[in-house]
């Protein structure tokens, strides 16, 4: 049994959830998102809340139960508050700048890296060593942050590279003579 799947999602005011069979559409002040629930899950909407039940007692149905509830909850939270991920650029000469809508990164390569934002994602940089990625889709925000981090991940000897805000990099001891 899924403890997460049992909880109903309360829909805040200003957000509308529409059900069309297995398709769930969430519309709010920041935008709209849609998700197609698996066949193993039944979706109900009553009294300003959305609830889910599995159609069978299989292992996959129980797994999809909690997952579906979490994904729909993330959609509701995304259209009301939105999501934001912060990356730190640590290293001499490592910096980020916003050029139009694109993100321009200088990460120690012989060339700058220009990244256009995917649909629904915005970049911001309050200082040269910091990048903020914002959007309403939690999965997309995390994916873009991971792609930027993958360009120059933090290395263990000097700690240089792109890291998430608050990420601890395990340092290794250097070579001894």
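The values are calculated or read from the model by the stated rules, or taken from the named source; none is laboratory data. Please read all numbers here as calculations on a predicted model, not as lab measurements. Note that each Cβ is placed from the backbone with ideal geometry, even for glycine, and that neighbours are counted across all protein chains shown.
Criterion applied to 89, 33 was being assigned by TED's automatic domain parsing to the domain that holds residue 128 and modelled with pLDDT of 90 or more, and the one residue passing it is 89.
Pick from 119, 84, 173, 143: which is within 30 Å of residue 25 (Cα to Cα) and surrounded by fewer than 13 Cβ atoms within 10 Å (Cβ to Cβ)?
It is 119.
Checking each residue in the stretch 45-58 for being touching a residue at least 12 places away in the same chain (Cβ under 8 Å), surrounded by fewer than 15 Cβ atoms within 10 Å (Cβ to Cβ) and part of a strand (DSSP E or B) picks out 49, 53.
Just one of the numbered conditions (1) surrounded by fewer than 13 Cβ atoms within 10 Å (Cβ to Cβ); (2) at negative phi; (3) touching a residue at least 12 places away in the same chain (Cβ under 8 Å) is not true of residue 148: (1).
Condition test on residue 36, is it closer than 19 Å to residue 8 by Cα and either buried (at least 18 other Cβ atoms within 10 Å of the Cβ) or without any contact (Cβ under 8 Å) to a residue 60 or more places away in the chain (or both)?
Against the criterion (closer than 19 Å to residue 8 by Cα and either buried (at least 18 other Cβ atoms within 10 Å of the Cβ) or without any contact (Cβ under 8 Å) to a residue 60 or more places away in the chain (or both)), residue 36 qualifies.
Considering the stretch 158-170, and only residues there that are under 20 Å from the mean Cα position of the chain (by Cα) and part of a strand (DSSP E or B), the residue that is surrounded by the most Cβ atoms within 10 Å (Cβ to Cβ) turns out to be 162. Within the stretch 100-157, the set of residues being in a loop (DSSP other than H, G, I, E, B), closer than 15 Å to residue 84 by Cα and out of contact with any helix residue (DSSP H, G or I) (no Cβ under 9 Å at 6 or more places or on another chain) comprises 125, 126. For the stretch 1-26, the candidate set comprises residues that are outside any loop (DSSP other than H, G, I, E, B) and free of Cβ contacts under 8 Å to residues at least 40 places away in the same chain; within that set, the residue that is farthest from the chain's Cα centre (by Cα) is 20. The one condition from (1) surrounded by 15 or more Cβ atoms within 10 Å (Cβ to Cβ); (2) farther than 20 Å from residue 80 by Cα; (3) in contact with a strand residue (DSSP E or B) (Cβ under 8 Å, 6 or more places away or on another chain) that residue 8 does not meet is (2). For residue 64, the criteria (1) surrounded by 13 or more Cβ atoms within 10 Å (Cβ to Cβ); (2) assigned to a strand (DSSP E or B) hold in every case but one, which is (2). Taking residue 97, is it over 22 Å from residue 138 (Cβ atoms) and surrounded by 13 or more Cβ atoms within 10 Å (Cβ to Cβ)? For residue 97, the condition - over 22 Å from residue 138 (Cβ atoms) and surrounded by 13 or more Cβ atoms within 10 Å (Cβ to Cβ) - is met.
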